[in-house]
Amino acid sequence: MLGARKQPHANAVRTKKKAIQPRALAQLRDAARRPIAVVVAPAGYGKSALLRAFAARHTGALLVDVGRDGATFRSALRALCEALRAVVPGPRLTFAGAYARAAERGDRAKSLAHWLGRHLDRSGITLVVDSVDRLGDDARIFAEFAEALATSGPGAPHLVLGTRDDGDLPIPRWFADDVIALPIDANALRWTGTEAQEAARRLDFGGDEFALARIVETSNGRAFDLLYALRTGAPPSDDDPGQALFRSLTVEEHAYVLETCLLPSFDDRVLAAIGLPLHPLLGARSRLGGLAVRPQAEGYRYDDALRVCAQVALRADPAAYERVAQRTVDALELTGRVREALELAGAANLRSRVHQLLRLHGLDLEDRGDADVVEAALDLLPEEIDDAVVVLLRATRESRLGRTDTSEAWFTHAITRAESRAVSAEAAYRLARELVRRGRADAVELLEPYAEDETLAAEQRSAILAVLAEAYLVAQRPVDARAALQRALARAESLDAAARASLLTRASYVELYAGDRERAREYATVGGALAEQANLYVVAFGAYSVLYNIAYEDAGPSESLACLDRLGECAVRSGNLDFQLYALAAAYELQVERGDLVAIERIERDLREFDVHYGASAALEGLIPSRALVEAWSGGFDSAYEILAPSGPHQTPAGREALRWAEIALYAAAAGLREHAAEALGRFDDAFGRDVDATDHAVRGAIVARLAAELIGRPAPLRIVAPAGRLGSLARAVDTIVAHRRGEAGAVTLLEALADLGRHELAGMAKLFAALPGPRI
């Protein structure tokens, strides 16, 4: 057992700077001008040292070693997100959701490259990724990801990949496609006599030039052999660098390394928390310090090969391994490195510590974007654990996966089992969010007791009040909704930016559906900006969706498309494929309404990348009437009717239903399906009568229904006095078409009416009207 720490570790003794080959570094700089650069060499040739030197000297470069134990594509991508957190925090915060959705879709490489690429677009970042070979079978999918990321466009990040072998990298194809230059291999990394002399000078080698010449000859240019011999005066005893270092440790160093080899990295604070004295490998007398330990941004880490050897030796003694693991987990938790503590506790199968860490820190980890490590920890715990926080975390996971029945049962159980009011309130809040999303008014009864609880923290109570306001709207209690919202907003100034963003975004929803569009616009504008600043892209998406709906109703396609640009950007950065489809579908609908064929073709290409069928997702609802309208432009009214007719009975609320039946009636009438048109007009009349608020959708439906009735010779519905703007232009166009068909208006008048539709960004409707059967222009 090592002694207790007797003096503060001030890192007074630093490892000497390693020599690098300027020749290899220059080659790598040239190679890195391509989208991808590759360094491939066996262990001991200085591949990792070269990558570290490149990253240290290259502006905007970030070094990531993905070669941890049991490394996978998922863990490698997570390591990239962690490395980026200081400069681009969004990927780390949205990683768990983005990965889960990409895996569910079965296209991890391209989907995740698209997601990360949007975060890094034009950032100037170069990702230097070492130990790709340690990914095993996942190295191939990582190569696909790297290629898709680095070749995604002119603003894409560059990648530098380090690997011991190139078996899973498509080197010939990349070279043929000019994605890479020739890889830097072991021959390029071999040290020359001149480079060895420079290294000897830096390391204060005590031998003469003949001794140095023997070292150069014996090492055959292999960097590890040469540096080892320069430090120790003898060649390494083992061809494997890790084994050679491990066997060369002194007794004191050996014991110290075994005590600390489970640390991903170490610094003063974590060593003090473990209770260890000054690290012997950092002392001036250590022969191996510069090889066995290397500095990094914060603290130090062991040479990876040495760390692996030490961990293998430690695991050979199960009792010692468990003791060191427990001690290391405790130190990591004490120094605030909770995520690493939970990962190590899981890897060491310390289930009681996993349970304890989840109970104390699980909710905070989720809030910080570490849902992936929480989910992995949950899988280690038996189902019979009935701790309220663990149950709540399970409920949240089920909710993320869309298993609503199971999640509701878990949430309810967490409420009843909670040992504190705060945990009970958190469970009720999370369940209520799900209920409101599904349009259930019982969220009111669930939340009301907590909304009055003064013992809850201001942030928690504000969030509860905001969701309660939405629940009141679902229950058709707008007065209560506004009262709850005002109580929530009264605490807004005391909240941090992230909590305020969520609150204001919910407030915008409440005001939008309560009828105050100006307040909704104000809240959504501020909430969206705050959410983006805090990298809360799901929240920002919600805010911009409110602004999009307001713009769609009040301003027309141009302003709506500006909102959709922000909404679509947040959708991609969130990693939520449903959000991305929603944004594409909405943009498609607007461009069809504008009649912009170039934009339509571009969006259709984007949609084909998702490989979806129209109508396959709720997010694609906007594609159904849009595709029907495009079919009608070329006179395919029967096809347009077939596309749109099945959707008629499924529209809500009444105004939207009225519009859909009117559109169905128009296509049926234009296709000569008189009975179907008459039936659809009857369904329109019923829905229009139920739209007590005279919404814009219902008004537009009445305008379209008037034209459908004219085509089949049926008495037209009551003529609507349309407001000014786009609806007024549409109404005037229909009146003109009716008059033209009756011989009461000339072609010039009709052409002017259609041109006016174009000026109001309704060129898609003008193309439809021009294709109608009957008198031609």
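The values are calculated or read from the model by the stated rules, or taken from the named source; none is laboratory data. From a predicted model like this one, the values you see are computed outputs, not experimental measurements. Because the Cβ atoms are built from the backbone with ideal geometry, glycine has one as well, and the counts that use them run over all protein chains shown. These area figures cover heavy atoms from the full protein model, side chains too; ligands, DNA and RNA do not enter into them. Shrake-Rupley method; radii C 1.70, N 1.55, O 1.52, S 1.80 Å.
Kindly express, to the nearest 10 degrees and within the range 0 to 90, the angle between helix 251-260's C-alpha long axis and the longest C-alpha principal axis of the chain.
10 degrees
Give the Cα extents of segment 339-489 along the principal axes, in whole Å, largest first.
55, 29, 25
Restricting everything to alpha-carbon atoms, can you work out Rg to Rh for segment 111-173 with a Kirkwood hydrodynamic radius?
0.97
Output wanted: per-residue J couplings in Hz (rounded whole) for segment 343-354, from phi through Karplus 6.51 cos²θ - 1.76 cosθ + 1.60, θ = phi - 60°, x for Gly and Pro.
5, 5, 4, x, 4, 8, 6, 8, 5, 5, 6, 4
Which cross-chain or sequence-distant (5 or more) residues have an amide H under 5 Å from the amide H of VAL160, H modelled 1.01 Å from N in plane?
Amide H neighbours of VAL160: ALA37, LEU127, VAL128, VAL129.
Mind listing P(r) for segment 630-690? All alpha-carbon pairs, 10 Å bins, whole percents.
Percent of Cα pairs in each bin: 28, 52, 20, 1.
Tilt of helix 421-437 relative to the longest C-alpha principal axis of the chain, in degrees (0 to 90, nearest 10)?
40 degrees
Taking only Cα atoms, what is the 0 to 90° angle, nearest 10, from helix 674-690's long axis to the longest principal axis of the chain?
80 degrees
Using the Cα atoms of segment 378-437 to build a convex hull, what is its mean projected area in square nanometres?
Approximately 3.8 nm², given one-decimal rounding.
Over all directions, the average projected area of the alpha-carbon convex hull for segment 185-261 comes to how many nm²?
It is 5.9 nm².
Given just the C-alpha atoms of segment 49-177, how large is their convex hull per residue in cubic angstrom?
111 Å³
Over all directions, the average projected area of the alpha-carbon convex hull for segment 218-354 comes to how many nm²?
In nm², the orientation-averaged hull projection of segment 218-354 is 8.7.
Which whole-angstrom value gives the distance between the alpha carbon centres of segment 537-580 and segment 172-199?
Rounded to whole Å, the Cα centres lie 47 Å apart.
Would you be so kind as to identify which of VAL39, PHE73, GLY439 lies farthest towards the positive end of the dipole of the chain, taking Lys and Arg as +1 and Asp and Glu as -1 on Cβ and the Cα centre as origin?
The one lying farthest along the dipole's positive direction is VAL39.
How far is the Cα center of segment 450-480 from the Cα center of segment 264-286, in Å?
Centre-to-centre distance over Cα atoms comes out at 51 Å.
Quick one: which of 542-549, 113-120, 151-158, 323-330 comes out on top by average Cβ neighbours within 10 Å, and what's the full order, highest first?
542-549, 113-120, 323-330, 151-158
Volume per residue, Å³, of the convex hull around the alpha-carbon atoms of segment 437-537?
Normalising the Cα hull of segment 437-537 by residue number yields 90 Å³.
Please state the charge dipole magnitude for the chain, taken about the Cα centre, from unit charges on C-beta atoms (+1 on K and R, -1 on D and E), reported in debye and rounded to the nearest 20.
Once rounded to the nearest 20, the dipole reads 1660 debye.
Any idea what diffusion coefficient segment 361-413 gets from Stokes-Einstein, in µm²/s, Kirkwood Rh on alpha carbon pairs, 25 °C, 0.890 mPa s?
Approximately 221 µm²/s, per Stokes-Einstein.
Among ALA272, VAL338, ALA229, pick out the residue whose Cα is farthest towards the positive end of the charge dipole of the chain, where Lys and Arg carry +1 and Asp and Glu carry -1 on C-beta, about the Cα centre.
ALA229
Counting only heavy atoms of the protein chains, get the accessible area per residue of the chain (1.4 Å probe) and round it to a whole Å² value.
For the chain, the solvent-accessible area averages 43 Å² per residue.
Assuming a viscosity of 0.692 mPa s and a temperature of 37 °C, what translational diffusion coefficient in µm² per second does Stokes-Einstein assign to segment 265-421, Rh being the Kirkwood radius over Cα pairs?
186 µm²/s
Please report, as a whole percent, how much of the solvent-accessible surface of the chain comes from carbon and sulfur atoms (probe radius 1.4 Å).
Ligands and nucleic acids excluded, carbon and sulfur give 51 percent.
Sort all Cα-Cα distances of segment 298-344 into consecutive 5 angstrom bins from zero, then give the percent of pairs in each bin up to the one containing the longest distance.
Spelled out per bin, shortest first, that is 5, 19, 20, 28, 21, 5, 0.
In whole Å, what three semi-axes, largest first, describe the equivalent ellipsoid of the chain built from its Cα gyration tensor (square root of 5 times each eigenvalue)?
Gyration-tensor ellipsoid for the chain: 63, 33, 19 Å.
So how compact is segment 543-682: Cα radius of gyration and Dmax in angstrom?
Rg and Dmax of segment 543-682, Cα atoms, are 15.5, 48 Å.
Give the relative contact order (percent, whole number) for segment 469-581; include only Cα pairs under 8 Å separated by 6+ residues.
19 percent
Counting pairs of alpha carbon atoms under 8 Å apart in space and at least six apart in sequence, what relative contact order in percent does the chain give?
Value for the chain: 8 percent.
What residues qualify as long-range amide H neighbours of LEU276, i.e. H under 5 Å apart, gap of 5 or more or another chain, H built at 1.01 Å from N?
ARG5
Ordering TRP174, TRP410 by accessible area with a probe of 1.4 Å, largest first, what comes out?
Of TRP174, TRP410, the descending order of accessible area is TRP410, TRP174.
Determine the shape class of segment 647-777: with a ≥ b ≥ c the square roots of the Cα gyration tensor eigenvalues, call it rounded for a/c under 1.5, and otherwise prolate if a/b is greater than b/c, oblate otherwise.
Since a/c reaches 1.5 but b/c is at least a/b, the shape of segment 647-777 is classed as oblate.
Per DSSP H run of n ≥ 4, the term is -39500 (n - 2.57); total these for the chain, divide by its residue number, and report the mean residue ellipticity at 222 nm rounded to 500 deg cm²/dmol.
Result for the chain: -20000 deg cm²/dmol, rounded to the nearest 500.
Taking every alpha carbon pair in segment 142-191, what does the distance histogram look like in 5 angstrom bins from 0, in percent?
Histogramming segment 142-191 at 5 Å steps yields 4, 17, 29, 27, 13, 7, 3, 0 percent.
Near the amide H of ASP65, under 5 Å away, which other amide H atoms are found, from residues 5 or more places off or on another chain, if H is placed in the peptide plane?
Placed amide hydrogens put ASP130 under 5 Å from ASP65.
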